[in-house]
Amino acid sequence: MKYRPEFPDRFGSIQDARGFCLRFFPWYNDEHRHSALGLMAPAMVHYDQAPLIRQQRQTVLDAAYQAHPEHFVRKPPQAPELQQVVWINKPPDPEEKNH
C-alpha cells in the first residue's frame, strides 16, 4: 500500500485513513492484477475463479496463434501458470538455516 503514488505521508485523522482504505482495498483485491498470481486479482484466486480464467485466456491465446502464427516467433503463447503458494514476505525456511 505504501508504494502507491496516492498513499499519503500521513493521514489527517482516522476517518481519512478509513476513507482511503475504503477505496484502496476494493481496487487491490478486485481490480489490480498481480504477476505472482498469473496476472489475476487476489479475489479471483481467493474465490477459486483462477483455473477457469486461465483456461479462458489460453483459449484466446490458442485462437490468436492459429490465426496468426507468424506473430509468435519462438513458440505458441501460454497463459501464465498459476502458483500453488504465493508469499508477500516468505518466512525463513528452517531447513535453510541448518545448512
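Things to note:
- Highest GNM mean-square fluctuation among Leu37, Leu52, Leu82, for the chain modelled with Cα contacts below 10 Å: Leu52.
- Dmax and Rg, reported as Rg then Dmax, of the chain (C-alpha, Å): 19.3, 57
- Charge dipole of the chain about the Cα centre (unit charges at C-beta), most positive-ward option of Pro26, Ala79, Pro69: Pro26
- Estimated from the Cβ-Cβ distance and a Förster radius of 25 angstrom, the FRET efficiency linking Gln55 and Val85 is about 0.75.
- Amide H contacts of Met40 (H built 1.01 Å from N, in plane; Pro and chain starts excluded): His34 sit under 5 Å, all sequence-distant by 5 or more or on other chains.
- Projected label points at Tyr3 and Phe24, each 7 Å from Cα along the beta carbon direction, are separated by 1.4 nanometres.
- Placing unit charges on the Cβ atoms only, positive for Lys and Arg and negative for Asp and Glu, gives the chain a dipole magnitude near 160 debye about its Cα centre.
- Estimated 222 nm signal from helices in the chain, with DSSP H stretches of n ≥ 4 weighted -39500 (n - 2.57), rounded to 500: -13500 deg cm²/dmol
Each value in this text was obtained by applying a stated rule to the coordinates, not by laboratory testing. For clarity, every value in this text was computed on a predicted model and none was experimentally measured. Here the Cβ is made from the backbone with ideal geometry for all residues, glycine too, and neighbour counts use every protein chain on show.
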